[in-house]
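Scroll down for the structure; my scribbles are underneath it.
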Amino acid sequence: MGKIFYIMGKSSSGKDTVFRELLKKRELNLEKIVLYTTRPPREDERDGIDYYFVNQEILEKMENAGRVIELREYQTIYGVWKYFTADSGQIDLEKKSYLAIGTLDSYQKIRSYFGEERIIPLYIEVEDGKRLHRALEREENQKIPRYEELCRRFLADSHDFSEENLRNTGIKKRFQNNECLDQCVNEIVRYMKEILDQK
């Protein structure tokens, strides 16, 4: 019986970097769940690798076919951006374990869809000042920086990942990514191996 390890954390907490590092760990033998989004790709993102970049019409077709497991939408200054997980044949828990990234809300929906015993939350935490600094650095490297969107996301995360919401969702284990990425990743790997060895 496979597991879905679900990475969560506020924006610029290093989720994507941790995600990539965990996928490199051959001893974990994880497949990645690629999310779908209607937002435009960043300069360094590739379709089908980082996300499946789709338009609203494709999303509606997938919804009508009953293939959308969970969907989130964000009102940005550039319009509504949607992110979703689809049952498109990429997940087979009888054969594999997987790694995915999402929000608390999407985690709950995925957990409801696949069953609580199959979904393991991995919550990445970073001190807010460091997160803001990282977010600014990342945005400065974009051809068209979206500073207003950065600020909106930063403030929204304070609400979305409040202590009350974390508690209500049952998130107890936290992994600190303030200083040393390798240390954070190694701690997560040890935790995941303990769970996978129990199968």
Exercise for review: Test Ile91 against the criterion of being touching a residue at least 24 places away in the same chain (Cβ under 8 Å), closer than 30 Å to Ile195 by Cα and assigned to a loop (DSSP other than H, G, I, E, B), and give yes or no.
Suggested key: yes
Discussion item. It is to be established whether one or more residues within the range 18-25 are surrounded by 11 or more Cβ atoms within 10 Å (Cβ to Cβ) and under 11 Å from the mean Cα position of the chain (by Cα).
Written reply: yes
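Looking at Glu194, is it surrounded by fewer than 15 Cβ atoms within 10 Å (Cβ to Cβ) and either part of a helix (DSSP H, G or I) or in contact with a His (Cβ under 7 Å, 6 or more places away or on another chain) (or both)?
yes
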Those residues of the range 129-148 that are within 26 Å of Lys173 (Cβ to Cβ) and in contact (Cβ under 8 Å) with a residue 60 or more places away in the chain come to a total of 4
The condition from (1) in a loop (DSSP other than H, G, I, E, B); (2) at pLDDT below 90 that Ile171 misses is numbered (2)
### Task
Determine whether the range 133-153 contains at least one residue that is of a type in the set (Ser, Thr, Tyr), more than 17 Å from the chain's Cα centre (by Cα) and either surrounded by fewer than 17 Cβ atoms within 10 Å (Cβ to Cβ) or modelled with pLDDT of 95 or more (or both).
yes
Scanning the range 26-42 for residues that are touching a residue at least 60 places away in the same chain (Cβ under 8 Å) and either of a type in the set (Asp, Glu) or within 24 Å of Thr76 (Cβ to Cβ) (or both) gives Glu27, Glu31, Ile33, Leu35, Arg42
Q.
For the structure I just gave you, tell me whether Ser106 is surrounded by 13 or more Cβ atoms within 10 Å (Cβ to Cβ), small (Gly, Ala, Ser), farther than 23 Å from Glu43 by Cβ and at pLDDT 90 or above.
A. yes
Yes/no for Leu22 being in contact with a strand residue (DSSP E or B) (Cβ under 8 Å, 6 or more places away or on another chain) and either part of a helix (DSSP H, G or I) or hydroxyl-bearing (Ser, Thr, Tyr) (or both): yes
The residue that is modelled with the lowest pLDDT, considering only those in the range 38-62 that are of a type in the set (A, V, I, L, M, F, W, C) and surrounded by fewer than 16 Cβ atoms within 10 Å (Cβ to Cβ), is Ile49
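In the range 63-78, what count of residues is obtained for those that are assigned to a strand (DSSP E or B) and surrounded by fewer than 11 Cβ atoms within 10 Å (Cβ to Cβ)?
Total satisfying the criteria: 1.
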From the option list Tyr83, Tyr107, Tyr52, Tyr98, single residue qualifying as among the aromatic types (Phe, Trp, Tyr) and assigned to a helix (DSSP H, G or I) is Tyr107
Might you let me know whether the range 109-121 holds any residue that is touching a Phe, Trp or Tyr at 6+ places or on another chain (Cβ under 8 Å), over 30 Å from Leu196 (Cα atoms) and in contact (Cβ under 8 Å) with a residue 40 or more places away in the chain?
no
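The values are calculated or read from the model by the stated rules, or taken from the named source; none is laboratory data. Quick caveat, the model's predicted, so the values are computed rather than measured. Because the Cβ atoms are built from the backbone with ideal geometry, glycine has one as well, and the counts that use them run over all protein chains shown.
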